[in-house]
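The values are calculated or read from the model by the stated rules, or taken from the named source; none is laboratory data. These numbers come from a predicted model, not from an experiment. No Cβ is skipped: glycine too gets one built from the backbone with ideal geometry, and neighbour counts run over all protein chains shown. For accessibility, only protein heavy atoms count, side chains too; no ligands or nucleic acids. Shrake-Rupley method; radii C 1.70, N 1.55, O 1.52, S 1.80 Å.
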2 protein chains.
Amino acid sequence: MRDALIAAAFQLFLERGYEATTVDDIVALAGVGRRSFFRYFPSKEDVVFPDHERCLADLTAFLAGSDEDDEPVARVCDAARLVLRMYAENPSFSVQRYRLTKSFPALRAYELSVVWRYERALAAYLRRRFAGWSDGDLRADVIAAAVVAAHNNALRSWLRSGGEDDAEAGVDHALRFVQDSWAPGGEDTGGGQPEDDVVVVITKRRTPLWRVVRELETQSDGA
Amino acid sequence: MRDALIAAAFQLFLERGYEATTVDDIVALAGVGRRSFFRYFPSKEDVVFPDHERCLADLTAFLAGSDEDDEPVARVCDAARLVLRMYAENPSFSVQRYRLTKSFPALRAYELSVVWRYERALAAYLRRRFAGWSDGDLRADVIAAAVVAAHNNALRSWLRSGGEDDAEAGVDHALRFVQDSWAPGGEDTGGGQPEDDVVVVITKRRTPLWRVVRELETQSDGA
């Protein structure tokens, strides 16, 4: 019944527009009562984003299941991949919804509130992991926002492609940019180097840190 | 009249709550007609955030007035400081509003949409500046989100302090974290050290880069 309500809602949204469609219209087309609708969806907005509650719960559980050995930035990137997978599971539905959401301010606002909840879940995990670091909360908030922005950049590219591109490859690439900024050692892409190989960097103290990091990255990438 | 409407609205929001206060209540207390209210504010939400439209316009103009010599990340950080200044101009009003916004989901949603507009304005500027870079749009989106997150982290700390702390110092510190991540050469905080002071880092190649960076940061902070 839940799927029938979603299908009916989208059929009407696309035919008549989102604002012009009422919950009564949706339940009439689906052949069920109003009460059934509200058993599944607290509001008309929720039928547009039927899987976010489950996905938020999955993401929260995934982060709660982390241990101390998990590199924190890599972990939140993996959490973001769960969200991407939810979209990629059903490309045509996700693309339809993207077009709908772009057109209606009420849906935009709803989407922003959902994105904000994902971001707070990532930040809460990072704040725990960075507890005791100087500026741990700041670092957590900034990295959570960066992960969400990178994910959304890749997700929107994929949605604009009509769901044709490789969604996972796009998100991997975008998240790599975030990991390179704050957890470049998180996954060693240099592979094959002896574990005790030593790197010596000699630099002037006033050299900007990013130049030193670039130099280190060049060295560890090898030739 | 605009200020009288804002004052009346806040008096009622604090006495009766936001939801229970109508536009009619506000205009009755301010002694003006409904039409006057809507001349200044499109909706009840807008009276809670009366200065954002002006601030968004200021920020957009500030970014449009940039030239090629401005380091882009420093420039968006300066743009974020304009927003902070709007809050800091009137601490008691900002603190009252913060408490109000925390309590009412409708105001939270409105605030998220405002924050999103600031973020898009910063990202649009950065996308222009990074045009032609590989991953320019991605870099722009991630840095814009990071600047907004850093700004909001510091702003919220200040608001939680009841507007007592030094708002500008807090935001400077938070934005420094973002600049150090992507534009560390923008402003050298190392001050006072001889320019040719040399740092030697010896590390195993498999050491995660973030550990090396932390070590370098410790060294350049001095004793």
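For this structure, a couple of remarks:
- Counts of other chain beta carbons within 10 angstrom of each beta carbon in peptide B:21-32 average 0.
- Here the contact order of segment A:1-99, divided by its residue count and restricted to Cα pairs under 8 Å and six or more residues apart, works out to 21 percent.
- Between A:S36 and A:A131, the simple spin-label model (points 7 angstrom out along Cα→Cβ) gives 4.7 nm.
- Taking the C-alpha atoms of segment A:49-182, convex hull volume expressed per residue in Å³: 98
- Note on A:R54 and A:L112: the extension gain reaches 19.2 nm, defined as 0.36 nm multiplied by sequence separation minus the Cα-Cα distance.
- For the pair A:D25 and A:D172 in one chain, pulling the backbone fully straight at 0.36 nm per residue adds 48.8 nm over the alpha carbon distance.
- If you take the Cα centroid of segment A:1-59 and the Cα centroid of segment A:98-171, the two points sit 24 Å apart.
- Accessible area per residue for segment B:49-182 is 42 Å², calculated with a 1.4 Å probe on protein heavy atoms, without ligands, DNA or RNA.
- Per residue, in Å², the accessible surface of segment A:1-45 once ligands and nucleic acids are set aside, probe 1.4 Å: 56
- Global geometry of segment A:50-90, whether rounded, prolate or oblate, following the gyration tensor of its Cα atoms and the 1.5 cut on a/c: oblate
- If the segment from A:D69 to A:R120 were pulled out straight at 0.36 nm per residue, it would be longer than the present Cα-Cα gap by 16.1 nm.
- Area hidden from solvent between B and A (accessible, protein heavy atoms only, 1.4 Å, total, Å²): 4700
- Accessible heavy-atom area order of A:W158, B:W133, B:W116, highest first, probe of 1.4 Å: B:W133, B:W116, A:W158
- Contact order normalised by residue count of segment B:49-182, Cα under 8 Å, 6+ apart, percent: 29
- Cα shape, segment B:90-145, gyration tensor, a/c 1.5 rule: prolate
- Neighbour net charge for B:W158 - beta-carbon separation under 10 angstrom, K R +1, D E -1: -2
- Other protein chain Cβ atoms within 10 Å, averaged over every residue that makes up A:144-154: 6
- In this structure, B:A61 and A:S103 have a Cβ-Cβ separation that, at R0 = 22 Å, corresponds to a calculated FRET efficiency of about 0.15.
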